[in-house]
Amino acid sequence: EYNRRLRRAVELAARASDRERLIIQGGWAVANNSTMLRPIAETLATRYPTETEGYYYLGRALVNAGSFLEAIAPLHRVELMDSLSLRRGGARCAACDALHQQVSAYMLADSTAAAERVVRRWIAARPKEWMPHNVLGGILTAMNRFDDASVEFRTADSLDVLGSLWEPMATLWTREGDFTRA
């Protein structure tokens, strides 16, 4: 359904304002890992510097291109620009998306300590959301801090309204060598 609606939006984008057209095209480029993401993002960020999507798309494009540490600056800018949604919750949190991408960028750059700092910032702002706890559990698993990871996965599981998060625990047990339990 999401892809169907996004395709329809792209079809109608030519009739939208320049800003909306670029946001729609950027969303399509993100969803399809298109190499067009970077030029769209740069255009959006240049023409509409108060629009978070341009910087978010630029960060995503840089991560996709392997420029992991270069991606941090535009993603951090989104976090700062959208700090209110980070603090109060609501429908979409661009700052949360940017924090998640910062974590990914640091992990891909082999900087687990920096990724942990970012996700802990996310948890401090939104302690009752399951996703940052789940992400932290994954980082701690990668750092072989299995007991701490287990606590974070259990916390994420207790906060997730969709149900049990079995996969992270199975991954943790596999890394610990407990294949029967996994």
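The values are calculated or read from the model by the stated rules, or taken from the named source; none is laboratory data. All figures in this text were calculated on a predicted structure; none of them were measured in a lab. Using ideal geometry, Cβ is built from the backbone for each residue, glycine included, and neighbour counts are taken over all protein chains shown. Areas reflect the complete protein model, heavy atoms only, side chains present, ligands, DNA and RNA absent. Shrake-Rupley method; radii C 1.70, N 1.55, O 1.52, S 1.80 Å.
As a test of the formula, what do you get for the chain when each DSSP H run with n ≥ 4 contributes -39,500 (n - 2.57) and the sum is divided by the residue count, at 222 nm and rounded to the nearest 500 deg cm²/dmol? Value at 222 nm, helices only: -23500 deg cm²/dmol. A convex hull fitted around the alpha carbon atoms of the range 109-157 yields 58 Å³ per residue.
For the range 62-182, the dipole from Cβ point charges (+1 on Lys and Arg, -1 on Asp and Glu) about the Cα centre works out to 420 debye, to the nearest 20.
Highest average first, the peptides 39-50, 128-139 ordered by how many other beta carbon atoms sit within 10 Å of their residues are 128-139, 39-50. A quarter of the convex hull surface defined by the alpha-carbon atoms of the range 71-132 gives 3.8 nm² as the mean projection. On the chain, 52 percent of the accessible area sits on carbon and sulfur atoms, based on a 1.4 Å probe. Surface calculation, 1.4 Å probe, protein heavy atoms: Ser158 sits at approximately 90 Å² accessible. Mean separation of Cα pairs under 8 Å and 6 or more residues apart, divided by the residue count, gives the chain a relative contact order of 10 percent. Sorted from longest to shortest, the spans of the Cα atoms of the chain along the three principal axes equal 56, 33, 32 Å. In whole Å, what is the distance between the alpha-carbon centres of the range 90-118 and the range 40-86? With the range 90-118 and the range 40-86 each reduced to a Cα centre, they are spaced 12 Å.
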